[in-house]
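To start, the structure under review is shown below, and the notes come after it.
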Amino acid sequence: MSVTRSRRVAGEIKKVVGRVIAREIKDPRIASLTSVTGVELSRDLRYATIYVSIYGTEAEKNLTMQTLQRATGFIRSEIGKSIRLRYTPEINFAEDRSMEYGAHIDRVLKSLHEDNSKE
């Protein structure tokens, strides 16, 4: 499988899943600020890990992840309807914490800068 095709399919899956989460799943347990940040596909395009960023408390994040895991069948069927592939990939959701990590690094750098300014 070519890397270019894999990237294109991953990009399309990202668009479809983002649309489904934002507009089609009407579950109040999904946090309002949930976005798809990336998709990793296996070489044979049969398995996809979908990374989502969730803004909210830890309880809201856990509830959102559980709800998304329960909705995998519906989301997978929407992927199958939108993208013409021989096999619709099995999907798994993973939480992307890169935004939180970036915010943490930013706070640390600001505190170091403030400490140096006082001296």
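Every number here is computed from the coordinates shown, using simple stated rules; none is lab data. Just so it is clear, the model here is predicted, and its values are computed rather than measured. Cβ atoms come from the backbone with ideal geometry, glycine included; neighbour counts cover every protein chain shown.
The figures follow:
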item	result
Crossing angle, helix 3-19 versus the chain [Cα axis fit, 0-90 degrees, rounded to tens]	80
Antiparallel DSSP beta bridges within segment 3-118, as percent of all bridges there, nearest 5	55
On Cα atoms only, tilt of 98-118 relative to the major axis of the chain in degrees	10
Options I79, G11, T49, ranked by Cα towards positive dipole end of the chain, top entry (Cβ charges)	I79
Cubic angstrom per residue, convex hull over Cα atoms of segment 1-52	70
Loop sites in segment 1-90: chymotrypsin sites (Phe, Trp or Tyr not before Pro), DSSP, at most 10 other Cβ within 10 Å	Y87
Estimated [θ] at 222 nm from DSSP helical runs (n ≥ 4, -39500 (n - 2.57)) normalised by residues in the chain, nearest 500	-17000 deg cm²/dmol
Proximal lysines relative to K15, as straight alpha-carbon distance under 29 Å, when same-chain residues fewer than 8 apart are discounted	K26, K61, K81
Angle in degrees between helix 58-70 and the longest Cα principal axis of the chain, rounded to the nearest 10	10
Full-extension gain in nm, R23 to F74, via 0.36 nm per residue minus C-alpha separation	17.0 nm
Per-peptide average of other Cβ atoms within 10 Å, ordering 15-27, 94-106 highest first	15-27, 94-106
Reachable lysines, given that their alpha-carbon falls under 21 Å from the alpha-carbon of K110 and they are not under 8 places away in the same chain	K118
Alpha carbon convex hull of the chain, volume per residue in cubic angstrom	119
